Amino acid sequence: MYSKKKNEQERNTKTNSINKIALRIKNHFQKNEMKFAWYLLIPVLSFFLILNVIPTLWMIGLSFYKYSLISAAGPKFVGIKNFIDILSNNVIWNSFSKTFLFVLMGVGIQTILGILLGFLFWNSDRLPGRRFALTFLFTPMIIAPVAAGTYFKLIYDPTLGIGNYFIKSFFGLVVNFLGDASYAFFSVLLVDIWMWTPFMILMTLAALGSVPEAELEAAEVDNLPWLKRLRYVILPHSKFIIMLGILLRTIESFKTMDLIYTMTSGGPGNATELIAIKLFREAFASFNMGESAALALITLLSAIAFTSIYLFILQYKEKKV
Amino acid sequence: MAIIRIEKLRKEFKEVVAVNDLTLDFEDSKITCLLGPSGCGKTTLLRMIAGLEKMTSGNIYFNDIKINDLPPRKRNVGMVFQYPVVYRGIDVYHNIELPLLKEGLSSKERKKRIYDVAEMVGIENSLKKNINQLDNATKQFVAVAREIARQPEILLFDEPITNVDANSKLQFKHAFKELTKQLKQTIIYVTHDQTEAMSFADKIALMNDGKIIQYDSPRKLYNEPETTFGGWFLGNPGMNFITQPCQKEDGQFKIKSDQFARTVILKKRRNIKGKVKIGIRPEYIKVSNEKLPYGIKSEIKRKSITIGGQYLLTIQRGDIIVKAKIPHKKGLGLSKNIWVEFPLDRITVFDNGNRIKEKLQYRE
């Protein structure tokens, strides 16, 4: 009996002291709210600083130097020479134009297909096989780009590929999808579309899910024509999520490297050499770190410009509404 | 404009029966309120009439034409939702105009109709304003105007003022009352607010658990509730109920209770199962400092003031507590010596939850 009481007393004393410490911490942070906020931010800020800010600043600095990893000479300050070299290099301009074409066509087609398929699956709970179809459609998105690249490289193969097997059976032709410069770009673009259309379907479904049911019902009761429903009910609610999807895809598309590198390594010639591949080759094949840093900076600025124009249009339109 | 008839209408959501085999005629060109607590099936019923919800079984007729499978757009109904539904990105004028574009009206006719309706609803000064600039209450007025402008045969309102602030609610109630005087449509108005139902409706369908408990005029519903639920649900606070034993003596049912100064009887009633419930509304209870002829000495336990300046008294009569509502009277404080009387003509007697049509009488 006595020991029970003693135990209870000890427990109470412990709880009280824990409570006192907790209270002291609470009071301390209540007095220094700003400090507390900063303490909470420290982990994320450190990560941001170490993984983003320092490498970016390093890259900016490096872009003004001539520095090769395979040369015995150390880094040499050359001013804006790297940038001049890049901007006067036709191959790089070609890479840029290919990248823009890849982004515009890829994201454009993914958006159109994504929206169409999104509408098809919207409110389609009773559609037979819906779950299977959606799982099937979303699979490409979760495959690693390297795996998808390898997979399609096999499909496209002129001698062993199943794609060519069917083409040969139906049309008696053999198409060298990845080896022929006139097909290679569109062949890799097709894989990118296959991979990322599900993402746009997902975004469209999320966007359409944000349209209030009552507004759709009101439009139905009011007998609004379909286009008017789209313009005045569906789009005002869903456009932001769809636009966000396009924005994310644009940024990602700009950086496409692994998928194409696995399939063509940028070839044949430089038919599929997008800017990210050019950058990779410059840095890790030619080891020109200065020039590749300058190219990376230009790519970064282009992507920022691209998305800024896009966001500006979006905000401008919103203000007008 | 249209007579709506529902026949054995039923809606089940898995195991839940939301609307339970309802049969009812909604009167032509009248306002019927569907009143009941949340989850009683009133909105589901309204949505089935609009065509937004498929019925599990039963039929709906508009002017004797079965419309079970007709899509909402072909039913010629207008509907105002709980949440103010407006079309985004356009001004008020175009919001009202949008559904009219398919009606084959000339722009002049459309303009006249829009201005007439806007004036009727009281939003004529907001016609040029963008919809995004409006507060919730005005948006709801726009939604009402849009539906009225279409001139459908039936207008359905699904708790339209639930999502507007208190001041706008009053404004809306007043405007709606004025508006309905000018409308000729058959209107069904869903609400859980009895004051709304009491002030707008020509008839009220009181609902509970997917069933219509009573379908009557507001006055009758209030004064002659068919069930104890009706007595309890209507009024603020609802009816007082006192359960009393009832004995048959000399062909009459006698209620001997210390709640009455004398024995009370039910002369005509043939059968009662042991006990009855006596219901009386708080405002019908007589309370006085002076002796009342049929009063009983009681004690005021609590006194509070209600909206409108009336006193709400909590009175103890023996071991029973009742609520009484009285006009402001001086000198009626918390006291043990007050006289309380239940006027027999104001009492409703319930047997097994259902109203007995006969009134109580004092035994001679």
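When region B:96-139 is filtered for residues that are without any contact (Cβ under 8 Å) to a residue 40 or more places away in the chain, open to solvent by less than 40 Å² (accessible area, probe 1.4 Å), farther than 23 Å from A:W226 by Cα and not in a helix (DSSP H, G or I), the ones remaining, listed by number, are B:I123, B:L127.
The set of residues in region B:79-102 that are at the interface with another protein chain (Cβ under 7 Å from one of its Cβ atoms) and within 29 Å of the chain's Cα centre (by Cα) comprises B:M79, B:F81, B:Y83, B:V85. Evaluate the following for A:S302: is it without any contact (Cβ under 8 Å) to a residue 12 or more places away in the chain, surrounded by fewer than 17 Cβ atoms within 10 Å (Cβ to Cβ) and either among the small types (G, A, S) or under 27 Å from A:V191 (Cβ atoms) (or both)? Taking the combined requirement at face value, the residue does not satisfy it.
Among the residues of region A:210-227, is there at least one that is in contact with a His (Cβ under 9 Å, 6 or more places away or on another chain) and surrounded by fewer than 17 Cβ atoms within 10 Å (Cβ to Cβ)? Yes, the conditions are met somewhere in region A:210-227.
When each of B:I280, B:I272, B:I285, B:I296 is tested for being surrounded by fewer than 20 Cβ atoms within 10 Å (Cβ to Cβ), modelled with pLDDT of 85 or more and of a type outside the set (D, E, K, R), the lone residue that passes is B:I296. From the list A:I115, A:I18, the lone residue that is out of contact with any Ser or Thr (no Cβ under 9 Å at 6 or more places or on another chain), at pLDDT 80 or above and either in a helix (DSSP H, G or I) or not hydroxyl-bearing (S, T, Y) (or both) is A:I18.
For residues that are open to solvent by 40 Å² or more (accessible area, probe 1.4 Å) and polar (S, T, N, Q), scanning just region A:143-174, find the one that is nearest to A:L189 (Cα to Cα). Result: A:T150. Would you point out the residue of region B:144-154, among those that are assigned to a loop (DSSP other than H, G, I, E, B), in contact with a helix residue (DSSP H, G or I) (Cβ under 9 Å, 6 or more places away or on another chain) and not polar (S, T, N, Q), that is nearest to the other protein chains (Cβ to nearest Cβ)? Only one residue tops the list, namely B:R150.
Looking for something among the hydrophobic types (A, V, I, L, M, F, W, C) and in contact with a Gly (Cβ under 6 Å, 6 or more places away or on another chain) - is there at least one such residue anywhere in region A:283-299? Scanning region A:283-299, I find no residue that is among the hydrophobic types (A, V, I, L, M, F, W, C) and in contact with a Gly (Cβ under 6 Å, 6 or more places away or on another chain), so the answer is no.
Please indicate, with yes or no, whether at least one residue in region A:196-209 is surrounded by 16 or more Cβ atoms within 10 Å (Cβ to Cβ), within 14 Å of chain B (Cβ to nearest Cβ) and at pLDDT 90 or above. So far as region A:196-209 goes, no, none of its residues is surrounded by 16 or more Cβ atoms within 10 Å (Cβ to Cβ), within 14 Å of chain B (Cβ to nearest Cβ) and at pLDDT 90 or above.
In region A:113-126, the residues that are under 9 Å from A:L205 (Cα atoms) reach residues that are of a type in the set (D, E, K, R) with C-beta atoms within less than 7 angstrom, at least six apart or across chains, in these pairs: A:F121/A:R130. In this structure, is B:G41 under 19 Å from the mean Cα position of the chain (by Cα), within 17 Å of B:A205 (Cβ to Cβ) and of a type outside the set (S, T, Y)? Here the answer is yes, as B:G41 does meet what is asked.
Region B:1-79 holds strands (runs of 3 or more DSSP E) entirely within its bounds, and those carrying 1 or more residues that are in contact (Cβ under 8 Å) with a residue 12 or more places away in the chain, of a type in the set (S, T, N, Q) and open to solvent by 30 Å² or more (accessible area, probe 1.4 Å) map to B:16-26, B:57-62. Within region A:143-195, the residues that satisfy the criterion of being out of contact with any Phe, Trp or Tyr (no Cβ under 6 Å at 6 or more places or on another chain), outside any helix (DSSP H, G or I) and closer than 22 Å to A:L274 by Cα are A:I143, A:A144, A:D157, A:N176, A:G179, A:D180.
Contact map, region A:46-65: residues that are over 14 Å from A:K81 (Cα atoms) paired with residues that are surrounded by 11 or more Cβ atoms within 10 Å (Cβ to Cβ), Cβ distance under 6 Å, separation 6+ or inter-chain. Pairs shown: A:M59/A:A293; A:M59/A:A296. Close Cβ contacts (under 6 Å, 6 or more residues apart or on different chains) running from residues in region A:215-231 that are more than 7 Å from chain B (Cβ to nearest Cβ) to residues that are open to solvent by 30 Å² or more (accessible area, probe 1.4 Å) comprise A:A219/A:R229. When A:I277, A:I241 are checked against the criterion of being assigned to a helix (DSSP H, G or I) and closer than 25 Å to A:V91 by Cβ, A:I277 stands alone in meeting it.
Yes/no per residue for (1) surrounded by fewer than 17 Cβ atoms within 10 Å (Cβ to Cβ); (2) more than 20 Å from the chain's Cα centre (by Cα):
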residue: A:D85; (1), (2): no, yes
residue: A:L101; (1), (2): yes, no
residue: A:G108; (1), (2): yes, no
residue: A:L117; (1), (2): no, yes
residue: A:P128; (1), (2): yes, yes
residue: A:P140; (1), (2): no, no
residue: A:N176; (1), (2): no, yes
residue: A:S187; (1), (2): no, yes
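Hey, does region B:305-318 have a residue that's in contact with a strand residue (DSSP E or B) (Cβ under 7 Å, 6 or more places away or on another chain), without any contact (Cβ under 8 Å) to a residue 60 or more places away in the chain and of a type in the set (D, E, K, R)? Within region B:305-318, one or more residues are in contact with a strand residue (DSSP E or B) (Cβ under 7 Å, 6 or more places away or on another chain), without any contact (Cβ under 8 Å) to a residue 60 or more places away in the chain and of a type in the set (D, E, K, R). Counting just the residues of region B:313-332 that are over 17 Å from B:Q259 (Cα atoms) and open to solvent by 30 Å² or more (accessible area, probe 1.4 Å), which one comes out nearest to the chain's Cα centre (by Cα)? Restricting to residues being over 17 Å from B:Q259 (Cα atoms) and open to solvent by 30 Å² or more (accessible area, probe 1.4 Å), the top hit is B:K325. Being under 23 Å from A:V107 (Cβ atoms) and either at pLDDT 90 or above or in the same structural domain as A:Q110 (by TED's automatic domain parsing) (or both) is the requirement here; does A:S286 meet it? No, not satisfied. Would you check which residues across region A:247-285 are free of Cβ contacts under 8 Å to residues at least 40 places away in the same chain and within 27 Å of A:F77 (Cβ to Cβ) and list them? A:L279, A:F280, A:R281, A:E282, A:A283, A:F284, A:A285 - these are the residues of region A:247-285 that are free of Cβ contacts under 8 Å to residues at least 40 places away in the same chain and within 27 Å of A:F77 (Cβ to Cβ).
The values are calculated or read from the model by the stated rules, or taken from the named source; none is laboratory data. Values in this document were obtained by computation on a predicted structure and should not be read as measured data. Neighbour counts run over all protein chains shown; Cβ positions are idealised from the backbone, glycine included. Calculation scope for accessible area: heavy atoms of the full protein, side chains included, ligands and nucleic acids excluded. Shrake-Rupley method; radii C 1.70, N 1.55, O 1.52, S 1.80 Å.
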